[in-house]
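Step one of this worksheet: look at the structure below.
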Amino acid sequence: MFRPDLLKDKVIIITGGGSGLGRSMGERFLQLGARLAITSRNEEKLTTAASEMTAANGGEVFTYPCDVRNPEAVEQMIDAVWEHYGTVDVLINNAAGNFISPTERLSHRAVDAVLGIVLHGTFYCTLALGKKWIEAGRGGQCLNIVTTYAWTGSGFVTPSAAAKAGVLTLTRSLAVEWARYGIRMNAIAPGPFPTEGAWERLAPTPELAQQAIERVPLRRVGEHSELANLAAFMLADEVSYINGECITIDGGEWLYSGGQFSQLDRLPAEMWDMLSKMTKK
Ligand code: HXC
Ligand code: NAP
């Protein structure tokens, strides 16, 4: 799909890059010539992922453990990557925390856990790197991984919905404010892409996992490679006029949920024969 040097020598930081979608994006970026830095809380997971990723794809993966809820740790992480590679071109704000629960069952600590990772963590990483980009007189790009309920909201994942809405607004606000420094801000809103981290917290039973498919008009979940290709496309210099945009990749899921008659796609042809007799004059 892409020429093999599409991202050649671009230095890309991926938060939550040792597992799930962050890792899948990282693998694709390596294949396209990028130099990676991956960060998350679990150091052992990061080092294992880095050696597996380079063994499979070549290239270099620098690891640095960091809890994105801690602003000092974030600054140290950004400094360490900058020192290691001499610069940074891209930040992928991908780390997230989430789980299903009726909101009235949550403690304030549960709310803080999710908002801290998703909204504050994204803001801290963006701010720490943005300051360095501005000081160095060079541009860069942030690509924030949100989700479609950033604009619809969703019950039972309310802290995540509030945090992702905040990240989307952060994306759009800084796309305008920091464009004068050559810093671009974009987002991707994925629909359901099975990962261990998301599925064990959001679809822990076979019934809930099946429901994730039934809401999608294409009747399937996303392939990690599809999301990784979209992310690579958005990082390419050839599309660098994209700024402040959020691209959805969800098989039509969120539009399906909003259309009052969408579920008629389940009616068999015989039922349509009967209905047309009733509705046609
Ligand atoms: C209710 C819960 C809970 C649950 C934790 N808490 N899990 N409350 N239901 N299922 C509460 C705890 O009781 C505690 O409150 C508080 O939250 C903090 O919990 P800790 O376990 O101490 O927090 P921590 O170790 O920091 O872990 C953070 C976490 C955890 C968010 C709770 O799930 C995590 O590490 N997640 C990272 C990975 C992840 O979530 N991946 C999924 C992303 S998927 P008390 O009051 O008891 O102290 C995603 C998809 C979006 O974002 C879109 C899908 C379509
Ligand atoms: P995942 O595998 O659970 O990934 C989350 C990553 O974030 C992990 O690598 C985790 O690593 C890291 N992380 C969590 N808390 C952190 C913290 N405090 N500091 C630093 N890193 C932290 O989930 P995923 O499904 O790949 O999700 C990736 C992104 O896609 C998220 O932004 C999610 O909201 C979004 N998304 C996913 C789906 C889906 O269907 N999977 C749908 C829509 C949106 P550690 O545990 O080592 O810290």
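Observations
- Within region 109-123, the set of residues being within 13 Å of ligand 2 (Cβ to nearest atom) and either farther than 21 Å from P190 by Cα or free of Cβ contacts under 8 Å to residues at least 24 places away in the same chain (or both) comprises D112, A113.
- Applying the condition of being more than 9 Å from ligand 1 (Cβ to nearest atom) and assigned to a loop (DSSP other than H, G, I, E, B) to region 149-160 and asking which residue is farthest from L106 (Cα to Cα) yields G153.
- Any hit, region 193-200, residues being touching a Leu at 6+ places or on another chain (Cβ under 7 Å), modelled with pLDDT of 95 or more and within 9 Å of ligand 2 (Cβ to nearest atom): yes
- For region 1-87, the strands (runs of 3 or more DSSP E) that sit wholly inside it and include 1 or more residues that are in contact with a Cys (Cβ under 8 Å, 6 or more places away or on another chain) are 11-15, 35-39.
- Restricting region 1-51 to residues that are of a type in the set (A, V, I, L, M), touching a Ser or Thr at 6+ places or on another chain (Cβ under 9 Å) and within 16 Å of ligand 1 (Cβ to nearest atom), the residue that is nearest to L129 (Cα to Cα): I14
- The set of residues from region 57-78 being away from ligand 1 (no atom under 16 Å from the Cβ), surrounded by 17 or more Cβ atoms within 10 Å (Cβ to Cβ) and closer than 21 Å to D112 by Cβ comprises E75, M77.
- Filter pass, E214 being at pLDDT below 95, among the acidic types (D, E), surrounded by fewer than 18 Cβ atoms within 10 Å (Cβ to Cβ) and out of contact with any Pro (no Cβ under 7 Å at 6 or more places or on another chain): yes
- Taken over region 234-277, the criterion of being closer than 21 Å to T147 by Cβ and in a loop (DSSP other than H, G, I, E, B) is satisfied by I242, N243, G244, E245, D250, G251, G252, G259.
- Residue, nearest to W133 (Cα to Cα), within region 195-213, restricted to residues that are part of a loop (DSSP other than H, G, I, E, B) and over 13 Å from the mean Cα position of the chain (by Cα): A203
- Count of region 97-116 residues which are near ligand 1 (Cβ under 6 Å from one of its atoms), surrounded by 14 or more Cβ atoms within 10 Å (Cβ to Cβ) and part of a helix (DSSP H, G or I): 3
- For region 124-141, the candidate set comprises residues that are more than 13 Å from ligand 2 (Cβ to nearest atom) and hydrophobic (A, V, I, L, M, F, W, C); within that set, the residue that is surrounded by the most Cβ atoms within 10 Å (Cβ to Cβ) is L129.
- Filtered residues of region 161-193 (kept if more than 9 Å from ligand 1 (Cβ to nearest atom), part of a loop (DSSP other than H, G, I, E, B) and buried (at least 17 other Cβ atoms within 10 Å of the Cβ)): W178
- Long-range neighbours under 7 Å by Cβ, at least six apart or interchain, first residue within 15 Å of A95 (Cα to Cα) and among the charged types (D, E, K, R) within region 58-70, second within 11 Å of ligand 2 (Cβ to nearest atom) and part of a loop (DSSP other than H, G, I, E, B): D67/R41
- Residues being more than 23 Å from R23 (Cα to Cα) and within 14 Å of ligand 2 (Cβ to nearest atom) - total across region 77-108: 1
- The set of residues in region 25-44 being within 11 Å of ligand 2 (Cβ to nearest atom) and surrounded by 22 or more Cβ atoms within 10 Å (Cβ to Cβ) consists of M25, G26, I38, T39, S40.
The values are calculated or read from the model by the stated rules, or taken from the named source; none is laboratory data. Just so you know, these numbers come straight off a predicted model, no measurement behind them. All Cβ positions, glycine included, derive from the backbone under ideal geometry; neighbour counts span all protein chains shown.
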